[in-house]
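Heads up, the thing below is written out as structure tokens.
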Amino acid sequence: MSRVINERSAGGVVLIRHGPALLVALIRVRGGSLLALPKGHLEAGETPEQAALRETREETGLVGRTLAPLEEISYVFWSRMHGARVSKRVHFFLLEYRAGSIAHHDAEVDGVRLVPIERATAALGYPGEQRVMSEALAWVRRAGYGGAGAKGSPTTG
């Protein structure tokens, strides 16, 4: 029987208003071809919400403000690095863009794409993250989120 490592992570769905469009920031993980939501491990003493804000800023270059908690997903994968199965729980939060630039993402990701929210679910490569994005879109529609008076979109430079 193989060893199992339990991990907790957190991530965010960042909403960016760009004129009449509402975009979300998706990452392309280093060495991968799939698009994903920014996420990462909780550091000692961090709450899931704090980790989601930090990881989103690190991986996308964007600073967000929490609007609402979203779904928590769980999955298991094999880690060659650890020689063990990893059982992972990821807490997601809906975030509103406040500042930053996608040009300032960290080296963990190959790039950041700003995708219209209506197309983001289909653009994501993982079923659990697709469910999270669908929940985010439902929240946006219920809340009537959008309109004038918000920060503009992040620059690429």
For this session: Quick one: dipole size for the range 1-143, taken about the Cα centre, charges +1 on Lys/Arg Cβ and -1 on Asp/Glu Cβ, in debye to the nearest 20.
Result: 240
Seminar exercise, completed: Counting only protein heavy atoms and rolling a 1.4 Å probe, one gets per residue an accessible area for the range 10-78 in Å² of 45
Exercise. Which of the listed residues, Gly40, Ala25, Ser101, is farthest toward the dipole's positive end in the chain, when Lys, Arg count +1 and Asp, Glu count -1 at the beta-carbon?
Worked result: Ala25
Exercise. Which whole-number percent is the relative contact order of the chain (Cα, under 8 Å, 6+ apart)?
Worked result: 32
Exercise. By average Cβ neighbour count within 10 Å, what is the ranking of 9-17, 46-54, 96-104 from highest down?
Worked result: 9-17, 46-54, 96-104
For this session: Run the dipole for the range 12-57 about the Cα centre, Lys and Arg Cβ at +1, Asp and Glu Cβ at -1, nothing else charged, and hand back the magnitude in debye, nearest 20.
Result: 260
For this session: Provide, as a two-decimal number, the C-alpha radius of gyration of the chain over 2.2 N^0.38 Å, N being how many residues it has.
Result: 1.02
Exercise. Can you give the helix-only mean residue ellipticity at 222 nm for the chain, where every DSSP H stretch with n ≥ 4 adds -39500 (n - 2.57) and the sum goes over all residues, rounded to the nearest 500 deg cm²/dmol?
Worked result: -7500 deg cm²/dmol
For this session: Output ³J(HN,Hα) for the range 64-73: one whole-Hz value per residue in order, computed from phi by the Karplus curve 6.51 cos²θ - 1.76 cosθ + 1.60 with θ = phi - 60°, and x for Gly and Pro.
Result: x, 10, 5, 9, 6, x, 10, 4, 9, 10
Exercise. Carbon and sulfur atoms: what percent of the 1.4 Å accessible area of the range 1-126 do they account for?
Worked result: 53
For this session: Would you kindly find the accessible area of Val140, with a 1.4 Å probe and non-protein molecules such as ligands, DNA and RNA excluded, rounding to the nearest 10 Å²?
Result: 10
Exercise. Just Ala21, Ala107, Ala44 to compare: in a GNM of the chain, with alpha carbon springs under 10 Å, which one fluctuates most?
Worked result: Ala44
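The values are calculated or read from the model by the stated rules, or taken from the named source; none is laboratory data. As the structure is a prediction and not an experimental result, all values here were calculated from the model. Note: ideal-geometry Cβ built from the backbone for every residue, glycine included; neighbour counts use all protein chains shown. In case anyone asks, the SASA skips ligands and DNA or RNA and just uses the protein heavy atoms, side chains included. Shrake-Rupley method; radii C 1.70, N 1.55, O 1.52, S 1.80 Å.
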